[in-house]
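Reading through the structure tokens given below for one structure.
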Amino acid sequence: MKILKRILLGFLSVLGGLVVLLVGSVAFDYAIGGERIDKFTNTIIPGISGGPAVKVYIARPQGAKPYPTVIMIHEFFGLNESIIGKADALAAEGYLVIAPDTFRGSTTAWIPRAIYQVITNKAEQVNADLDSVFLWLETQPDVDKNRIGIVGFCYGGRTSLNYSLHNNKIATSVVFYGSPITDPLILKNLPGPLLGIFGGADQSISVDSVHAFDEALTQAGVQHDITIYPNQPHAFVQDMQGIRSGGAQAAAWEQMLKFLNSNLKNSGSSRNGKSVNFEPDFDWKYYVMLTYEHAFGSASHMH
């Protein structure tokens, strides 16, 4: 019995030490990265209804104004060079692209802090900040306010889906491997067409859940295209260097461009959904599996 108690005490001590180490690492990353977000933003948008200002990166295209516009939402690491590169590349295709910092000044490459960022920035808060961004866009002379879409990656994919349900002025939505919603009664309120891109080897989003998402969208009567790229892990569309190297990354990016070309650039909004009081639960299973995949799985090399 004494030996068992010692083993249990030792296990608890190790576990407690790991918890302290993780908490300390998050605090340390925060302390050294306080000004990090400023490298990735070039504009500050005033908050609405007394809310805080939102830092954003804006990439503007050439050509005739007003521009079709895309709100681009970052992964759970926060706004970083990968998203900036994608924003610039999409702007070169003729879109005004705005990439907001939805974590209010926080960005990281450290997975524990990435999870902390998601936990401490609730969907309601994120939607409120995106409302500030959207309302500002509607006042800009170079923005076509009837052609504002949203694109998001990972955490940003689910955020894009949530915001499209919150704001029925969104013309179209693109979800890159975001945790799906499978209730057609909720999805029927999506205001415009949706493109969903997922990896067949994603350990955080099962193929079955993607199929359920596809079927729910069909039942809801939402125009959509859901594609599963075989053998691809979570977050397989990494950065523009990876996209330009070809393969599944390039194919997925090109699929998005074709979708936006048909449903945003060359088409007026056909919005008919209604905003809903949707309060998503925090998907613990998704983020646990996501952490495992980034740390130990096939996506551990990714940005």
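The values are calculated or read from the model by the stated rules, or taken from the named source; none is laboratory data. Everything numeric here is computed off the predicted structure, so don't read it as measured data. Backbone-built Cβ (ideal geometry, glycine too); neighbour counts: all protein chains shown.
Could you grab me the full set of residues in region 93-132 that are within 22 Å of Lys39 (Cα to Cα) and among the polar types (S, T, N, Q)? Hits for region 93-132 are Thr102, Ser106, Thr107, Thr108, Gln117, Asn121, Ser132.
Of the strands (runs of 3 or more DSSP E) lying entirely inside region 135-245, those containing at least 3 residues that are in contact (Cβ under 8 Å) with a residue 60 or more places away in the chain are 143-153.
Conditions tested, residue by residue: (1) touching a helix residue (DSSP H, G or I) at 6+ places or on another chain (Cβ under 8 Å); (2) closer than 13 Å to Pro100 by Cβ; (3) in the same structural domain as Gly94 (by TED's automatic domain parsing); (4) among the polar types (S, T, N, Q).
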| residue | (1), (2), (3), (4) |
| --- | --- |
| Ser49 | yes, no, yes, yes |
| Lys55 | yes, yes, yes, no |
| Ala59 | yes, yes, yes, no |
| Lys65 | no, no, yes, no |
| Val70 | yes, yes, yes, no |
| Glu75 | yes, no, yes, no |
| Leu79 | yes, yes, yes, no |
| Ile83 | yes, yes, yes, no |
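Look at Gly221 and say whether it is in the same structural domain as Ser267 (by TED's automatic domain parsing) and more than 16 Å from the chain's Cα centre (by Cα). Yes, satisfied.
Residue check: is Glu215 among the charged types (D, E, K, R), over 18 Å from the mean Cα position of the chain (by Cα) and under 26 Å from Asn80 (Cα atoms)? For Glu215, the condition - among the charged types (D, E, K, R), over 18 Å from the mean Cα position of the chain (by Cα) and under 26 Å from Asn80 (Cα atoms) - is not met.
Determine if region 156-168 includes at least one residue that is of a type outside the set (Asp, Glu), touching a helix residue (DSSP H, G or I) at 6+ places or on another chain (Cβ under 8 Å) and more than 27 Å from Val288 (Cβ to Cβ). Yes: region 156-168 contains one or more residues that are of a type outside the set (Asp, Glu), touching a helix residue (DSSP H, G or I) at 6+ places or on another chain (Cβ under 8 Å) and more than 27 Å from Val288 (Cβ to Cβ). Would a scan of region 49-71 turn up a residue that is surrounded by 18 or more Cβ atoms within 10 Å (Cβ to Cβ), assigned to a helix (DSSP H, G or I) and in contact with a Pro (Cβ under 9 Å, 6 or more places away or on another chain)? The answer is no; no qualifying residue exists.
Within region 96-132, the set of residues being within 17 Å of Arg147 (Cα to Cα) and buried (at least 22 other Cβ atoms within 10 Å of the Cβ) comprises Leu96, Val97, Ile98, Ala99, Leu130. Residue selection: Glu93 fails the criterion of being buried (at least 19 other Cβ atoms within 10 Å of the Cβ), in a loop (DSSP other than H, G, I, E, B) and out of contact with any Ser or Thr (no Cβ under 6 Å at 6 or more places or on another chain).
The number of residues in region 42-76 being farther than 18 Å from Val151 by Cα and of a type outside the set (A, V, I, L, M) comes to 12.
The criterion of being farther than 23 Å from His166 by Cβ, at pLDDT 95 or above and out of contact with any Cys (no Cβ under 7 Å at 6 or more places or on another chain) does not hold for Asp214. Any residue that is of a type in the set (S, T, N, Q), farther than 27 Å from Ala91 by Cβ and under 14 Å from the mean Cα position of the chain (by Cα) - is there at least one of those in region 168-181? Yes; the residues of region 168-181 include at least one that is of a type in the set (S, T, N, Q), farther than 27 Å from Ala91 by Cβ and under 14 Å from the mean Cα position of the chain (by Cα). Given the structure, is Ile83 touching a residue at least 60 places away in the same chain (Cβ under 8 Å), outside any loop (DSSP other than H, G, I, E, B) and closer than 16 Å to Glu138 by Cα? It is false that Ile83 is touching a residue at least 60 places away in the same chain (Cβ under 8 Å), outside any loop (DSSP other than H, G, I, E, B) and closer than 16 Å to Glu138 by Cα. The set of residues from region 96-133 being small (Gly, Ala, Ser) and assigned to a loop (DSSP other than H, G, I, E, B) comprises Gly105, Ser106, Ala109.
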